[in-house]
Amino acid sequence: MRKLLLAAALCALAFSPAAVAADPIVIKFSHVVAPDTPKGKASEKFKELAEKYTNGKVKVEVYHNSILYKDKEEIEALQLGAVQMLAPSLAKFGPLGAKEFEVFDLPYILPSKAALRAVTDGPLGKRLFVKLESKGITGLAYWDNGFKVMSANRPLRMPADFQGLKMRIQSSKVLEAQMRALGAIPQSLAFSEVYQALQTGVVDGTENTPSNEYTQKMHEVQKYTTNSGHGYIGYAVITNKKFWDGLPADIRGQLEKAMKDATVYANEIAQKENDDAMEAMRKSGRTEIIELTAEQKLAWRKALEPVYQEMAARLGQETIDEFQKETKAVTN
Ligand code: LMR
């Protein structure tokens, strides 16, 4: 009887509010890329800082390489509260109904990284985050990756070289229009499926940042990589709104600081990560890196120009105009 009473007392203690409060708050941060990428490293930096600034009251578990969820599933998981943080690429918000994010996918829309900051830190960046609130999502930060390359088993120098190629894209209608404008056949696939699809010939080619191509070994199954810089990949770090709003105010403040510092880090390392990956691909000898001539660059730009008009109804002409106005203010 005594033993039973003791057990009951211990049990009551374990479930008392004091004991529960001592348990760390767990943030599951899920993403689809490798640990040694801009996003992979930045998510680890956030973990380090979040745990430090909250004195261990928060524990961040980072899940790389789609271990937990693939592209489409992870957003659903966030909305359901199965994970608390994600950083999907800006090209993946269309299926959620926030299609304006796809403005970042327009070919050549970003003249420079400085111009990128003007958009993400400016009114448009904020307005896009407001769009997420009604979906139960809070936008926390924009993280950089970089400008894209195009790869295939055939050299891609002129738009005509794309004719009939099946090209993997992210789930963005702008990217779909971009590939069509080049004469290719777009195929939307989850990131985790790309390497195998390239290896087995389910698709012929793809576009991505050098860092993503290299860390997924795509360059080993693509004979040619064109350093085109025709488009951009970046991320929105997002959280479940209910979870975020429900955090004690002091903890939320410490996490906001951790996110701010991790964002500075992310945006500092992104360019070098991509430059190093490009160099590593070049050195590997597995893929031939093609640099475009001025004339070829012009031909790509010309072929891709119609995408703007085609996508104006989807993105809203005012979104495109605002983007261009904010970037121009930096460039001029
Ligand atoms: C892709 O699916 O190609 C990329 O968006 C993956 C990523 O998160 O960088």
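Every number in this text was worked out from the coordinates using simple rules, so none of it is lab data. As the structure is a prediction and not an experimental result, all values here were calculated from the model. Here Cβ is always computed from backbone atoms with ideal geometry, including for glycine, and neighbour counts include all displayed protein chains.
Remarks
- Estimated inter-spin distance, residue 223 and residue 188, nm [label 7 Å along Cα→Cβ]: 3.1 nm
- Per residue, the convex hull spanned by the alpha carbons of segment 82-210 comes to 118 Å³.
- Once the convex hull of all Cα atoms in the chain is built, its volume per residue stands at 149 Å³.
- Summarising the amide proton neighbourhood of residue 237: residues at separation of 5 or more, or on other chains, whose placed amide H is nearer than 5 Å comprise 140, 141, 142, 143.
- Residues in segment 181-207 reached by a label modelled at residue 291 [backbone nitrogen below 12 Å; 7 Å Cα→Cβ]: none
- Residues residue 280 and residue 133, FRET efficiency given R0 of 41 Å [Cβ-Cβ distance, rounded to 0.05]: 0.50
- Helix 317-331 vs. the chain, principal-axis angle (Cα, 0 to 90°, nearest 10): 80 degrees
- Listed by Cβ neighbour count within 10 Å, with the fewest neighbours leading, 64, 219 appear as 64, 219.
- Exposure proxy shown here: for 195, 232, 265, the number of other Cβ atoms within 10 Å sets the order, fewest to most, as 195, 265, 232.
- Think of the chain as having a plus end and a minus end, set by charges on the Cβ of Lys, Arg, Asp and Glu; of 266, 53, 308, 53 sits farthest toward the positive end of this dipole.
- Cβ-placed point charges (K, R +1; D, E -1), dipole of the chain about Cα centre in debye, nearest 20: 540 debye
- Cβ-to-Cβ counts within 10 Å put 39, 302, 217, 148 in ascending order as 302, 217, 148, 39, the fewest first.
- Look at the dipole of segment 197-304 built from charges on Cβ: of 218, 243, 287, the Cα furthest out on the positive end belongs to 243.
- Summed over qualifying helices (DSSP H, 4 residues or more, each -39500 (n - 2.57)) and divided by its residue number, the chain shows a 222 nm mean residue ellipticity of -15000 deg cm²/dmol.
- Under a model in which nothing but the beta-carbon of Lys, Arg (+1) and Asp, Glu (-1) is charged, segment 42-144 shows a dipole of about 240 debye around its Cα centre.
- The peptide list 305-316, 114-125, 173-184, put in order of mean Cβ contacts within 10 Å with the highest first, becomes 173-184, 114-125, 305-316.
- Nearest-ten-degree value, helix 71-80 long axis tilted from longest Cα axis of the chain: 30 degrees
- Electrostatic dipole magnitude of segment 179-297 [Cβ: Lys, Arg +1; Asp, Glu -1; Cα centre; debye, to 20]: 260 debye
- Degrees separating the helix 306-315 axis from the principal Cα axis of the chain, which is the longest one: 30 degrees
- Gyration tensor (alpha-carbon) shape descriptor, segment 260-332, a/c threshold 1.5: oblate
- On the beta carbon distance between residue 268 and residue 76, with R0 = 22 Å, the FRET formula returns roughly 0.10.
- Segment 15-96: C-alpha gyration tensor shape, a/c 1.5 cut-off, then a/b vs b/c: oblate
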